[in-house]
């Protein structure tokens, strides 16, 4: 069975009969977990195992686990620093900041792989220009070159821990103050400015071998009238053709307010796929997901199967073994020092 194009959510800490039935549908290709799905590391490991056992090839299990203000699993997991803290550390000691960022990527991946999670949607490649609240603490730096360097090291660490990276939010969410979870932001910059101050980290990361990209629910009205995640101009002409990206394009959640301009739930998923998204996140709307499963016309895509195979997690290691390693202890110590020098940012709940 080829994987389907939908990434959906489940309600609780274990699967219901309905969850199991829906996850077995051929249009579903993955599951994204939220804080509500987590009580303990043992519980969430059992949940992931149950999801993986539903079918072959197994569904991908994903999570937003960036660190700092966005970290879904906390109790029993290392509290990872915010990206902004690493950027501030870079300004003081770039060599040590790059090393710690790589080690944090490794630690992030190994902790998630120990419970079976395949992928975390990270790093954020946005360059915060106008003080966006939704990006507070999540962006590495105001210098696009530094963003690319830190993100590259994080990706290297993720790969060492058995996980690939997904850069977000293409072509850059940092040029607007608005939060696309609750409104549709409009970025009025010309393409030349977007390229110079927002796209460059994505281009550099593509050159480094980035496996996944998530576009923004933002309209860049000097380029196209549709939000980037629903725009063939952005996804096919610019991302695929000009920037030569060959990995997986994951839509952002189509339940977000920034996607409502496209129409109803069916219209959103159809528009995202038509624009060039490989996988569409449809979260917190089970009725909408059921409608999509009942009505969406979609043909299996062998290219998607190949791309997604690369996103599956590797190197599952016993939790206690890696936690007793010298690298894990040194990384935790480095995080502790970083948190003392650069206090952590607030949490975000979405």
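Side notes on the structure shown:
- Of the helices (runs of 4 or more DSSP H) that lie entirely inside segment 277-346, those containing 1 or more residues that are in contact with a strand residue (DSSP E or B) (Cβ under 6 Å, 6 or more places away or on another chain) and either crowded, with 16+ Cβ neighbours inside 10 Å or touching a residue at least 40 places away in the same chain (Cβ under 8 Å) (or both) span 286-295, 302-309.
Results for (1) in a loop (DSSP other than H, G, I, E, B); (2) farther than 28 Å from residue 24 by Cα; (3) touching a helix residue (DSSP H, G or I) at 6+ places or on another chain (Cβ under 6 Å), shown as yes or no for each residue.
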residue: 44; (1), (2), (3): no, no, no
residue: 58; (1), (2), (3): yes, no, yes
residue: 61; (1), (2), (3): no, no, yes
residue: 66; (1), (2), (3): no, yes, no
residue: 97; (1), (2), (3): no, yes, yes
residue: 100; (1), (2), (3): no, yes, yes
residue: 150; (1), (2), (3): no, yes, yes
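- Checking residue 21 against (1) in a helix (DSSP H, G or I); (2) under 25 Å from residue 149 (Cα atoms), the condition it does not meet: (2)
- Here residue 53 fulfils each of the conditions (1) closer than 22 Å to residue 279 by Cα; (2) more than 17 Å from the chain's Cα centre (by Cα); (3) in contact (Cβ under 8 Å) with a residue 24 or more places away in the chain apart from (3).
- So residue 125, is it crowded, with 21+ Cβ neighbours inside 10 Å, modelled with pLDDT of 95 or more and within 19 Å of residue 196 (Cβ to Cβ): yes
- Test: residue in segment 254-273 that is without any contact (Cβ under 8 Å) to a residue 40 or more places away in the chain, crowded, with 22+ Cβ neighbours inside 10 Å, in contact with a strand residue (DSSP E or B) (Cβ under 8 Å, 6 or more places away or on another chain) and not in a helix (DSSP H, G or I): yes
- Qualifying residue in segment 230-250 (condition: touching a residue at least 24 places away in the same chain (Cβ under 8 Å) and within 15 Å of residue 123 (Cβ to Cβ)): yes
- Test: residue in segment 230-247 that is within 19 Å of residue 6 (Cβ to Cβ) and surrounded by fewer than 24 Cβ atoms within 10 Å (Cβ to Cβ): yes
The values are calculated or read from the model by the stated rules, or taken from the named source; none is laboratory data. What you see is a predicted model, and the numbers here were worked out from it, not measured in a lab. Virtual Cβ from ideal backbone geometry, glycine too; neighbours counted across all protein chains shown.
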